[in-house]
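Working notes, beginning with the structure itself.
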Amino acid sequence: MTATGMQRANFWGGVITGLTLLFALVWAFPLYWGIVSSLKPEDEVVRPFIELWPDTLTFQHYVHALTSTQIGAWYLNSVAVAVGVTVITILSSMLCGYALSQLRFPGRNLLWWLILASFMVPTQALIINHFVLVSQLGLINTWAGIMLPQLIHPVIIIVYKQFFDQVPKDFREAAVMDNAGEFRILFKIYLPMNWGVTTALSIVTFIWTWNAFLWPFLSVTRTAMMTMPVGITQVNDAFGVYYARQLAAAVLAGLPVAVAYLLFQRKVTEAITLSAGIKG
Amino acid sequence: MLRNRRKDALVAAVLVAPFLAIYLLVFVWPTIQMFGISFTDARLIGSGEWVGLDNYTRLASDPRFKTAVWNTAYFVLLTVLPGTVIALLIALGVSRLTGRLQAAILALFFLPYILPVSVVYLIWDWVLNFQFGILMHVFDLLGLDRIPITKSRTWFMPAVGIVTIWWTAGFSILLFLAGLRSIPAEIYEAAALDNASRWTTFRRITWPLLWPVTTLVFTIQLIAQLKIFDQVYLFSQGGRPNDNMVLVYYVFQRAFQQDQGGRAAAVAVTLFVLVIVVSVLQFQLLRLAGGRK
């Protein structure tokens, strides 16, 4: 490449990079704006001009949200549901993925086919009968009721099967020679060798469940049983038309997943690309 | 050997049982029930009388159902292709960066995706607020007339479409980045030696090699957006839900607001079949396209 050609390439490369950085700031601006607005006094929020930083920095809306609304209860509900769904989903998927990967049994192909087919099923279409089912079980307004229809993420089974398939056969053969049972092989060999993918899948399952809206919204009618994402939009009288208060509640609802993401950025991105069928 | 196989089957049954039980309970049983009650005049809870295909034939002349179908299609049009293109452009930009800067910039683009939909709604509802929203201040500065966006028949769907792209692009960006990383650097080096221009390099190398990821992103988006509900519901609060009706919203309205389980189930079955047909078609088309190459 000639010297001028190189310069031109660098110039345009620089322009593209600059545009990318600028666009990233514009992209993230609504997030910044939501947070900043939640730190302003209510009368400052409605001023008729743009102020990018609060005149008076205040945490009063956070204090209000945490002390005068049911956010505490919603937090607890969200944590309980997200942890419950994560543990049950990961465990049941791991067991099933292990069986599919390591054992030959009648109905194995049918099961595999069922799992693949279930990708197409729109769970949104099942809300009526999920509601009927959960109310027949008497689980409306309970953690178990919020959890039940969310306990399936077929993709996790598929990811586990792929990872278990890659464990060298020698490990299993040696363990079988030692008369180890399948559970011991799974929990002493296969699981420890796949801790990385297990934590990654657990984190994203937690985030997915924390963020779920439609089903938690339908299956709860009592304010005290709502999850965080539902509560902050459904209970207007808790916040009234106090914009800053509402935004403070929004920040509190987004904080746990945002922190989880920022702490485990690589795990989260790994699990998400895996769940789309791409090896990271 | 025979005993071994028997033992295997027994162990497998135990291992598979928890998943299978949940699967039957929350996937298979509700699906069967959904088809069943769609032929009855059942309310949300309790059984009803058999009415044959009535619930389906009524859909044909139901204006709100038509609105729902139309809006769902419109929403798909507004989000799927634009969302894929924007995510690709962002991914191309981000892939040029390295190290910590790349991680930081990627995080800025990705953060919205991991937030709950209601947080996204509250932030954007505030940005778009007719009286105090920052966008309206910008409109004022530019000399444009203010628009009550979430209350407007014209602007509602495009606005929710943009918010949806903003919310979900992070996911597609990740997939594109993974795809870009898997293209060997040597190919680019060879192109540079040949003095290939940036555009030629993109058209001849990046685009064709990224094609599988592009179709994957497109497919995932298409199927996800057919099932749109949350954003439309939230932004319609205090607005015009009946004008903004989409398919899942219609299921929700019939079942949970009008207590007509049977009629709602007919809409749900329509959606169910639609999603499955689109999934299968997509799969077949992709296979055909892949086979021709």
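For the range B:224-231, state whether one or more residues are of a type in the set (A, V, I, L, M, F, W, C), touching a helix residue (DSSP H, G or I) at 6+ places or on another chain (Cβ under 7 Å) and outside any helix (DSSP H, G or I). Within the range B:224-231, one or more residues are of a type in the set (A, V, I, L, M, F, W, C), touching a helix residue (DSSP H, G or I) at 6+ places or on another chain (Cβ under 7 Å) and outside any helix (DSSP H, G or I). For B:Ile123, state whether it is within 12 Å of chain A (Cβ to nearest Cβ) and either at pLDDT below 90 or crowded, with 21+ Cβ neighbours inside 10 Å (or both). Taking the combined requirement at face value, the residue satisfies it. Is it the case that some residue within the range A:25-40 is more than 10 Å from every other protein chain (Cβ to nearest Cβ), assigned to a helix (DSSP H, G or I), over 21 Å from B:Trp166 (Cβ atoms) and at pLDDT 90 or above? Within the range A:25-40 (the criterion being more than 10 Å from every other protein chain (Cβ to nearest Cβ), assigned to a helix (DSSP H, G or I), over 21 Å from B:Trp166 (Cβ atoms) and at pLDDT 90 or above), the answer is no, since none of the residues qualifies. Within the range A:126-176, being in contact with a Pro (Cβ under 9 Å, 6 or more places away or on another chain) and more than 19 Å from B:Ile32 (Cβ to Cβ) holds for A:Ile146, A:Gln150.
One residue stands out in the range B:251-272 among those that are more than 9 Å from chain A (Cβ to nearest Cβ) and not charged (D, E, K, R): the one that is surrounded by the most Cβ atoms within 10 Å (Cβ to Cβ), namely B:Ala266.
Is there a residue in the range B:143-152 that is at the interface with chain A (Cβ under 9 Å from one of its Cβ atoms) and on the phi < 0 side of the Ramachandran plot?
Taking the range B:143-152 and keeping what is at the interface with chain A (Cβ under 9 Å from one of its Cβ atoms), we get none.
There is no residue in the range B:143-152 that is at the interface with chain A (Cβ under 9 Å from one of its Cβ atoms) and on the phi < 0 side of the Ramachandran plot.
Based on what the data block shows, is B:Val248 within 7 Å of another protein chain (Cβ to nearest Cβ), crowded, with 23+ Cβ neighbours inside 10 Å and either among the β-branched types (Val, Ile, Thr) or assigned to a loop (DSSP other than H, G, I, E, B) (or both)? When the stated conditions are applied, B:Val248 passes them. A Cβ distance below 7 Å, combined with a sequence gap of six or more or placement on separate chains, defines the contacts here; from the range A:17-34, residues that are farther than 15 Å from B:Ile86 by Cα reach residues that are among the aromatic types (Phe, Trp, Tyr) and assigned to a helix (DSSP H, G or I) in the pairs A:Pro30/B:Trp124; A:Gly34/B:Trp126. Among the residues here, B:Leu101 does not qualify as at the interface with another protein chain (Cβ under 10 Å from one of its Cβ atoms), more than 16 Å from the chain's Cα centre (by Cα) and surrounded by 16 or more Cβ atoms within 10 Å (Cβ to Cβ).
Which is within 12 Å of chain B (Cβ to nearest Cβ), surrounded by fewer than 16 Cβ atoms within 10 Å (Cβ to Cβ) and among the aliphatic types (A, V, I, L, M), of A:Val155, A:Val241? Steps first, please.
Numbers: A:Val155 fails: surrounded by fewer than 16 Cβ atoms within 10 Å (Cβ to Cβ).
So the residue among A:Val155, A:Val241 that is within 12 Å of chain B (Cβ to nearest Cβ), surrounded by fewer than 16 Cβ atoms within 10 Å (Cβ to Cβ) and among the aliphatic types (A, V, I, L, M) is A:Val241.
Being at the interface with chain A (Cβ under 9 Å from one of its Cβ atoms) and either within 22 Å of A:Leu126 (Cβ to Cβ) or assigned to a helix (DSSP H, G or I) (or both) is the filter here; which residues of the range B:232-243 pass it? Across the range B:232-243, the qualifying residues are B:Tyr233, B:Leu234. Among the residues of the range B:182-205, the ones that are of a type in the set (Ser, Thr, Tyr), surrounded by 13 or more Cβ atoms within 10 Å (Cβ to Cβ) and part of a helix (DSSP H, G or I) come to 2 in all. Taking the condition closer than 28 Å to B:Ala21 by Cβ, within 13 Å of another protein chain (Cβ to nearest Cβ) and surrounded by fewer than 20 Cβ atoms within 10 Å (Cβ to Cβ), does A:Ile50 pass? Criteria not met by A:Ile50.
Just a yes or no: is a residue in the range A:127-149 at pLDDT 95 or above, within 24 Å of B:Val269 (Cβ to Cβ), outside any helix (DSSP H, G or I) and at the interface with chain B (Cβ under 9 Å from one of its Cβ atoms)? No, because not a single residue in the range A:127-149 is at pLDDT 95 or above, within 24 Å of B:Val269 (Cβ to Cβ), outside any helix (DSSP H, G or I) and at the interface with chain B (Cβ under 9 Å from one of its Cβ atoms).
In summary, A:Val79 fulfils each of the numbered conditions (1) within 12 Å of another protein chain (Cβ to nearest Cβ); (2) under 30 Å from A:Ala144 (Cβ atoms) with the single exception of condition (1). Within the range A:104-124, residues that are free of Cβ contacts under 8 Å to residues at least 24 places away in the same chain have Cβ atoms under 9 Å from residues that are of a type in the set (S, T, N, Q) in these pairs: A:Met120/B:Ser279; A:Val121/B:Thr31, counting only partners at least 6 apart in sequence or on another chain. Of the numbered criteria (1) of a type in the set (Ser, Thr, Tyr); (2) surrounded by 18 or more Cβ atoms within 10 Å (Cβ to Cβ); (3) within 30 Å of A:Ser202 (Cα to Cα), the one A:Tyr32 fails is (2).
The values are calculated or read from the model by the stated rules, or taken from the named source; none is laboratory data. Source: prediction; values computed, not measured. Note that each Cβ is placed from the backbone with ideal geometry, even for glycine, and that neighbours are counted across all protein chains shown.
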